[in-house]
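Down below is the structure, laid out as structure tokens.
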Amino acid sequence: MKSKATLTLVCAACAAFCGPIQPPAARADITATLDVEVNKPGPAIPKTFYGLMTEEINHSYDGGLFAELIQNRTFQDPAPRGRQQAAQPRTLPIHWSLIGDGKASPDRENPVNPALPVSLRLDLSGGKAGVANDGYWGIPVKPDTTYTASFYAKAGGDFAGPVTASLVLDDGGGVTVAKVDSPAITNAWQKYTVKLATAHDAPSTAKAQFVLSASGNGSVTFSLVSLFPPTYQNTPNGLRPDLMKLMADMHPSFIRLPGGNYVEGSTFATRFNWKQMIGPADQRPGHMGCWGYRSSDGFGLPEYLLWCKQLDAEPVLAVFAGYVLNRQHVDAGSPEMAQYTLEALEEIEYVSGPADSEWGKRRAADGFPEPFPLHYVEVGNEDWFDRSGSYDGRFTQMAKAIRQRYPQLKIIATAPVASFKPDLYDDHFYRSAQQLVKQAAQYDKPPDAPLKFNGGAWNGRQPDGVQTFVGEWATQEGRPTPDLNAALADAAFVMGLEKNADVIPMECYAPLLVNVSPPDQAKGYPKAWQWNTNLIGYDALRSFGSPSYYAQAMLGQNKGDVVLPAKLTITPAPATERPAADQPARPVPTPAFASATYSNAGHTVIVKLVNIEKEPVDLTLNLRGVGNVDPSATAIVLEGNDPKAVNTLDEPTKVTPRSATIDNASPSFRHTIPPLSFTVLRLNVSHP
Ligand code: AHR
């Protein structure tokens, strides 16, 4: 006999009891049944199924994950486009200003070393003067916090005093919230490191500046100025704790790095040249990124590896493959292609080689003696944009060299190739909610029509057994982070991928990170982001996960080990798409999506349900081939009334999942799928 489920909803974020919630009446025009074949397990879901992907876009690293607070720390950043709107013309490097009586100017004479060609010289005129940095849309300060500041400095003329490092509120009042003096500055370049601590009653604000000041006569010249707050796991030069915590909660198993377009670069000179992004910070020259701003490269290859290590995720390494975003390429067989191929082999050695190999030694010197597990290498990025047809040759040259040196590695191609069979293709889908929901089923069976490669995406399974890595995808709805409707389409799409884990061993949403800071008109700074829809938002001080983030976290936390066959039957049969605006409404739009997996630990059947419509759906859930089902089960529910609902810095948890208890689970029971919802049901079963 079937009984109706009673939901007891509990707030997942704070684990506080939120009180029972009565489900609204389910729609009466349809019946929905889900048959799950628990005794007929399907494909195994690889450990590597859920991953992360981003690149230096939207200030993902500089002004994001990399905890450095000084923007333009080596004084080389170009003024952003639109700078003419700034209130005053500027002669100092962008993000730097003069404070007090004196003169400040960029200096190219006698730099610390060739990687730091520009310094900032402060000429004193008897009184106190300083240079101030305004960070990435503000420098955040918090109470009871210790910051580590460092800078290279040398004294000129009569100057022989200390430099004062301070954090000063940038709200018109100029209040100093932390301050410390360095030792006396000498007339040779030297690095100084100081600690600044805020008091218990200091404000929590992103409106602060970092100031280096001095008094007297003569000059003091600065290079590579840095300021770090406490970092994730207190790692020097490390990562931002709040963002790492959000990512850790997604249970990612891999990080696709370093891009995206970022691996390619706009030009050959600005490609991801990994050898310029290892070693100490003062050996990294930085480079112009491909998203309109310069990268300090403080977040370079070792920091990517730190990110992997701290999340217990393995790198999926994309190597530069001789094609850049301005559509130039080098040909297979050319000396340049030989050079890039060698660099790719060396990069693989840097990541995964023993600590006594040439490049493994460099990794060990950068703080990682243990080789990183590496199973996948991707050759290039979105090479379908290369209309010259050169990818087949470039890919084949690199893939052969990689296969020969590292036969254990799986090689990923980014566009159709004929001369060397890849292990996987990387396929990308940036779509509307309607389109992505439609594509949820695209891998369910071989396509009726011949497999098509269309705008960077195939329409189904590869016929020749090559697997697909869905290496970038997102429902593009909501700016700069997705709304609830997008989260539901995302969940339905990923459930479609997970069901087909035999041919889709890995997937990752993109882009992951966005600094949501708006333009600063007074200073002439643009908004911090370039890409419209991104998973996790933040400014200098605060952060939040979007509804899609919570859907991805729910998926990552509830993967299961094997796919279970699950058939959702809706009567009458739903239309496969919503009607166009000028068409009469169809009686039954597609309301629901379902999938099921099994987790060996705990003998748990994990059922995932999406309802994209505004009315509840009453579902009969049949678990075939089980013995007993524990009547008490958990439902994790992400839901809302408004499909356009978003989370923001001010309302970071408006749309978050809640945990509910179901008390009537059995081999056949009824469950109401709430309107506009994504539900994960965890049902403990025993076998007959
Ligand atoms: O994720 C943003 C961009 O989208 C990536 O850099 C590129 O690979 C894709 O076109």
Mind listing whichever residues of region 530-569 are open to solvent by 20 Å² or more (accessible area, probe 1.4 Å), within 19 Å of residue 658 (Cα to Cα) and within 15 Å of the chain's Cα centre (by Cα)?
-> 550
How many residues does region 187-213 contain that are more than 17 Å from residue 225 (Cα to Cα) and either acidic (Asp, Glu) or assigned to a loop (DSSP other than H, G, I, E, B) (or both)?
-> 10
Within region 473-510, which residues are under 16 Å from residue 425 (Cβ atoms) and open to solvent by 10 Å² or more (accessible area, probe 1.4 Å)?
-> 502, 503
Taking region 405-423 as the region of interest, how many residues are surrounded by 14 or more Cβ atoms within 10 Å (Cβ to Cβ) and either under 27 Å from the mean Cα position of the chain (by Cα) or farther than 12 Å from residue 466 by Cα (or both)?
-> 11
Pairs returned, first residue in region 480-492 that is farther than 15 Å from residue 536 by Cα, second residue that is part of a helix (DSSP H, G or I) and modelled with pLDDT of 95 or more, beta-carbon separation under 7 angstrom, 6 or more apart or interchain, are 485/433; 489/433; 491/551; 491/555
If you check residue 472 against the conditions, is it among the acidic types (Asp, Glu), at pLDDT 95 or above and either in a helix (DSSP H, G or I) or within 14 Å of the ligand (Cβ to nearest atom) (or both)?
-> yes
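Table: residues versus (1) in a helix (DSSP H, G or I); (2) within 16 Å of the ligand (Cβ to nearest atom); (3) open to solvent by 10 Å² or more (accessible area, probe 1.4 Å); (4) not hydroxyl-bearing (Ser, Thr, Tyr).
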| site | (1), (2), (3), (4) |
| --- | --- |
| 339 | yes, no, yes, yes |
| 343 | yes, no, yes, yes |
| 364 | yes, no, yes, yes |
| 367 | no, no, yes, yes |
| 393 | yes, no, yes, yes |
| 399 | yes, no, no, yes |
| 403 | yes, no, yes, yes |
Of all residues in region 255-307, count the ones that are more than 16 Å from the ligand (Cβ to nearest atom), out of contact with any Pro (no Cβ under 9 Å at 6 or more places or on another chain) and aliphatic (A, V, I, L, M).
-> 3
Could you please find all residues in region 287-303 being in contact with a helix residue (DSSP H, G or I) (Cβ under 9 Å, 6 or more places away or on another chain) and outside any strand (DSSP E or B)?
-> 289, 290, 291, 296, 297, 298, 299, 300, 301, 302, 303
For region 590-638, which residues satisfy the criterion of being among the polar types (S, T, N, Q) and touching a Leu at 6+ places or on another chain (Cβ under 9 Å)?
-> 595, 597, 604, 611, 620, 622, 634
When only residues in region 153-177 that are among the small types (Gly, Ala, Ser) and within 17 Å of residue 99 (Cα to Cα) count, which is most open to solvent (accessible area, probe 1.4 Å)?
-> 172
Does any residue in region 343-362 that is of a type in the set (S, T, N, Q) come within less than 7 Å, Cβ to Cβ, of a residue that is at pLDDT 95 or above six or more places away or on a different chain, and which pairs are these?
-> 352/371; 352/372; 352/374; 357/349
Test residue 378 against the criterion of being crowded, with 16+ Cβ neighbours inside 10 Å, at pLDDT 95 or above, assigned to a helix (DSSP H, G or I) and of a type in the set (D, E, K, R), and give yes or no.
-> no
When only residues in region 423-453 that are free of Cβ contacts under 8 Å to residues at least 12 places away in the same chain and more than 29 Å from residue 644 (Cβ to Cβ) count, which is nearest to the ligand (Cβ to nearest atom)?
-> 452
Quick one: how many residues across region 650-683 are buried (at least 18 other Cβ atoms within 10 Å of the Cβ) and within 36 Å of the chain's Cα centre (by Cα)?
-> 19
Exactly one condition in (1) open to solvent by 60 Å² or more (accessible area, probe 1.4 Å); (2) under 16 Å from residue 545 (Cα atoms) is not met by residue 632; state its number.
-> (2)
Hey, could you check region 353-362 for residues that are part of a loop (DSSP other than H, G, I, E, B) and open to solvent by less than 70 Å² (accessible area, probe 1.4 Å) and say which is nearest to residue 304 (Cα to Cα)?
-> 353
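The values are calculated or read from the model by the stated rules, or taken from the named source; none is laboratory data. Predicted model only: the values in this text are computed from it and were never measured. Note that each Cβ is placed from the backbone with ideal geometry, even for glycine, and that neighbours are counted across all protein chains shown. The protein model used for the area step is the full one, side chains on, heavy atoms only, and it has no ligands, DNA or RNA in it. Shrake-Rupley method; radii C 1.70, N 1.55, O 1.52, S 1.80 Å.
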